[in-house]
Amino acid sequence: MEEDLFQLRQLPVVKFRRTGESSRSDEDGISGEHEVQIEGVRTELEPVELEDGAAVPKEFANPTDDTFMVEDAVEAIGFGKFQWKLSVITGLAWANAMEMMILSILAPQLHCEWRLPSWQVALLTSVVFVGMMSSSTLWGNISDQYGRKTGLKISVLWTLYYGILSGFAPVYSWILVLRGLVGFGIGGVPQSVTLYAEFLPMKARAKCILLIEVFWALGTVFEVLLAVLVMPTLGWRWLLILSALPLLLFAGLCFWLPESARYDVLSGNQEKALATLKRIATENGAPMPLGKLVISRQEDRGKMKDLFTPHFRWTTLLLWFIWFSNAFSYYGLVLLTTEFFQAGDVCSISSRRQEVKAKCSLTCEYLTEEDYTDLLWTTLSEFPGVLVTLWIIDRIGRKKTMALSFLVFSFCSLLLFLCVGRNVLTVLLFIARAFISGGFQAAYVYTPEVYPTATRALGLGTCSGMARVGALITPFIAQVMLESSVYLTLVVYSGCCLLAALASCFLPIETKGRGLQESSHKEWGQEMVGRGSHSP
C-alpha cells in the first residue's frame, strides 16, 4: 500500500483545457480547466520548454479532446502562407472598384460624345446599381446554398464577360443594358469577404479584411491612371475593356481557391472540410488538432427568416440603413468630386450650370488633365482611410468606428457650405472620402462577424443589396438635384450620415474580440466565451 502511494506521488498533475479556450491565470473567473488533485500528492505542473520559433510538436496538439470544431482548427493553425495567397487572389476580385470608379469618368465622356441629357447620364450610373441591388441577395443565397467559392466564381466570370462586351456597345440603349448586367455580376463580388473571413483566425480577422480593402483603393487609383493614358488616345471603349484585367487574372487563379471549411461542415461534408484544413495546416507548417471534426447541429442554410429572429432583427434593420447610407454617401461623393472640379469651386457650380443651360442644354465639357489630377488625389484618400480604420477598429470597436466615420464625413460636407477655393475643396473631399471609405470597410468587417455561418453570406448579400439602393438613388442627388441647389444636396448627404452614426451606436452587438458564430440556435457569442476576450 505504501509503495502504491509512493508511486502515485511521483506522477505529475495534468491540467486539461477544452479545445479553443484560452488558457487563463488563476485569478480569472470562470475557467474551462479542471485539475485533478490528490491530497499529499505533488500538484505542480511540469513545463515543457520550446526554443524560440519552434513549432508545437504534433503529439502536443490538442492532446486531451477527441473532437474539435472548425473554429478550433482555424485558431490552432493560425495565419500563414495560405492566408497570404488567399489575400492576393480574393483581393483581385475586390479590385472590381475599377468597374465602379469608371462611372465618374464615363459619364461626362458619353454626355459629350453621344449628346446625352443629364437624366440619361444619371440613368447610366443608376442602372449598374439596379443590377447590383437585384442580385446581391441572390448571390448571397447561392453562396449559402451551394458554397462561397461557387457563388464568387460565377459572379466574377459574369462581370468579366459583360464588362468586356460593354466596350463594343454601338448605341446608348446597348450600353445601358450591358452595364446593368455588369452590375448584376458585381453584386456577388462581396462574397469574397465571406470566403476570406471564414479562413482567418480571430486575432487577424479585422486587420486582414481591412487590408484586403487596399485592393479596392488600388483599383480606383489604377482606373484613374488608366483613364489618363487611354482616354486621350484609345477612347472610352478600350478603357472599359482594359478595366476588366483584374477580374481576368482572378479567373485564371480561382482554380486554387478552396471551398470554405465552415460551409462544408455545415452542409454535412466533414471529409472535404477536414481535407481543406489539413491543406491549410500543411501550407502554414502548423499542427492539426487531433480528434474528430464535428459541428453542434445541422442547419438549414440561406433562409431569409433567420435574419429576423429575435437575436438578429434589430441588427439586420440597423445594418441595412448603415449600408444604405455608406453607399449613398460614398458614391455620391465620387460623383460630386467630378462635378465640383469641373466647376472650380462649390459656390459657382449652380451659376455655371445655369449659364450652360442658357447656351444649350447639351453643352458639355470633357475632363481636363487638371480634373484627372485632382480626381487622383481624392482617390488616394482611400489609403489613409484604410490606415485610420485599421488603427482604431480594434481599439474602440466596430460600432464606434462606423459612427466616427459617418460623423467626420457629415462635418466635412457641412464645411463645403463655405465658398472655399479649389485647394481647400480638394482637402475636404480627401478627408471626407477617407472616412466614408473607412466606414464602409468597418461595415465589411462587422457584418460577416455578426451573423452565424448558416446565414453569413445571405446577411452580407442583403446588406450589400441595401447599399445598392443607396447607390441607385445617389446619381439623381449628386447630378440632378445639384443643378437646382448645391446646398440642398450637401444637406441631404450630411443628414443621412448623421442618422447612420446614430444607427451605428444603437447596434445591439459589438463583435470586437469575438470569434465567428457557427450556430444560429445559440445566444450570440455563447460558443466563443473565453476565446475572444481572453486571447493574447
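The values are calculated or read from the model by the stated rules, or taken from the named source; none is laboratory data. Just so it is clear, the structure is predicted and the values come from calculations on it, not from any experiment. Positions of Cβ are generated from backbone atoms using ideal geometry, with glycine treated the same way; all protein chains shown enter the neighbour counts. The accessibility values were calculated without ligands, DNA or RNA, using every heavy atom of the protein model including side chains. Shrake-Rupley method; radii C 1.70, N 1.55, O 1.52, S 1.80 Å.
Observations on the structure shown:
- Under the Debye formula (equal points on every Cα, no solvent term), log10 I(q)/I(0) of segment 390-522 at q = 0.11, 0.12, 0.13, 0.14 Å⁻¹: -0.47, -0.55, -0.63, -0.72
- 3J(HN,Hα) from dihedral phi, segment 458-469, Karplus parametrisation 6.51/-1.76/1.60, rounded to Hz, x for glycine, proline: 5, x, 5, x, 5, 5, 5, x, 5, 4, 6, 4
- Working from Cα pairs under 8 Å separated by at least six residues, relative contact order for segment 65-294 is 39 percent.
- Converting phi to 3J(HN,Hα) with the Karplus coefficients 6.51, -1.76 and 1.60 and the offset θ = phi - 60°, segment 387-392 yields 5, 5, 5, 4, 6, 9 Hz in sequence order, with x at every glycine or proline.
- Hz values of 3J(HN,Hα) by residue in segment 282-290 - Karplus curve (6.51, -1.76, 1.60), Gly and Pro given as x: 5, 5, 7, x, 10, x, 7, x, 7
- In units of the rule-of-thumb radius 2.2 N^0.38 Å, segment 87-184 shows an alpha carbon radius of gyration of 1.16.
- Considering segment 65-294, its Cα convex hull presents a mean projected area of 12.8 nm².
- Nonlocal amide H pairs with residue 293, under 5 Å, H built at 1.01 Å: 68
- D (Stokes-Einstein, µm²/s), Kirkwood Cα radius, segment 196-258, 1.002 mPa s at 20 °C: 154 µm²/s
- Percent accessible area from carbon and sulfur atoms, segment 65-294, protein chains only, probe 1.4 Å: 70 percent
- Gyration tensor verdict on segment 422-477 (Cα atoms; rounded if a/c is under 1.5, prolate if a/b is larger than b/c, oblate otherwise): oblate
- Rounded FRET efficiency, nearest 0.05, which uses the C-beta distance separating residue 255 from residue 484 and R0 of 45 Å: 0.30
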